[in-house]
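Right, one structure below, let's go through it.
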Amino acid sequence: MNSCVLMAEVVKDPELRYTPDNLAIAEMLVQFPGQRPEDPSATIKAVGFGNLANEIQQSCHQGDRVILEGRLTMTTIDRPEGFKEKRAELRVGRVHSLGSLASSAMAVPVAPPTNASYRSAPPPAATVPPRPAPAPTPAPAPSDELDYDEIPF
């Protein structure tokens, strides 16, 4: 299954264009931090179609932080130098706005959690009371013949 959820910052305002069939297409560049603090940020093109393209163009602006849900695809581009280049792009299915970095209290991107942080967290407290154990059912009396139609698998 090809599913991707990405928290990123909009680097370039969305550009809205239309196909000859009047289908709206919005393209924007988004940037997300590397996995480790010393890794450089990565930039990817995010593309939305139809009504979502109009929504992206109206609500996303340079500097906004967004959560994008979609599918990763590879596109091939013919370069003027005579070779083909492959690029990854995100086909957006949903957009969740987190606001702009300037108006946010958290202006620094959050690093992904490490395995140590998962181990150090205490287990969640049980909020549901335990169920009483079911009453035992009596075992059937043994018989000489086995009925293979009653085997539960």
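Residue check: is A111 loosely packed, with under 10 Cβ neighbours inside 10 Å, at pLDDT below 60 and not polar (S, T, N, Q)?
So A111 fails the test.
Being more than 21 Å from the chain's Cα centre (by Cα) and small (G, A, S) is the filter here; which residues of segment 13-44 pass it?
A24
Can you pull out every residue in segment 75-94 that is within 12 Å of A46 (Cα to Cα) and among the aliphatic types (A, V, I, L, M)?
A88, L90, V92
Grab the strands (runs of 3 or more DSSP E) fully contained in segment 6-98, keeping just those with 1 or more residues being touching a helix residue (DSSP H, G or I) at 6+ places or on another chain (Cβ under 8 Å) and surrounded by 15 or more Cβ atoms within 10 Å (Cβ to Cβ).
It comes to 24-32, 42-49.
The values are calculated or read from the model by the stated rules, or taken from the named source; none is laboratory data. Predicted model only: the values in this text are computed from it and were never measured. Neighbour counts are summed over all protein chains in view; Cβ atoms, including those assigned to glycine, are modelled from backbone coordinates with ideal geometry.
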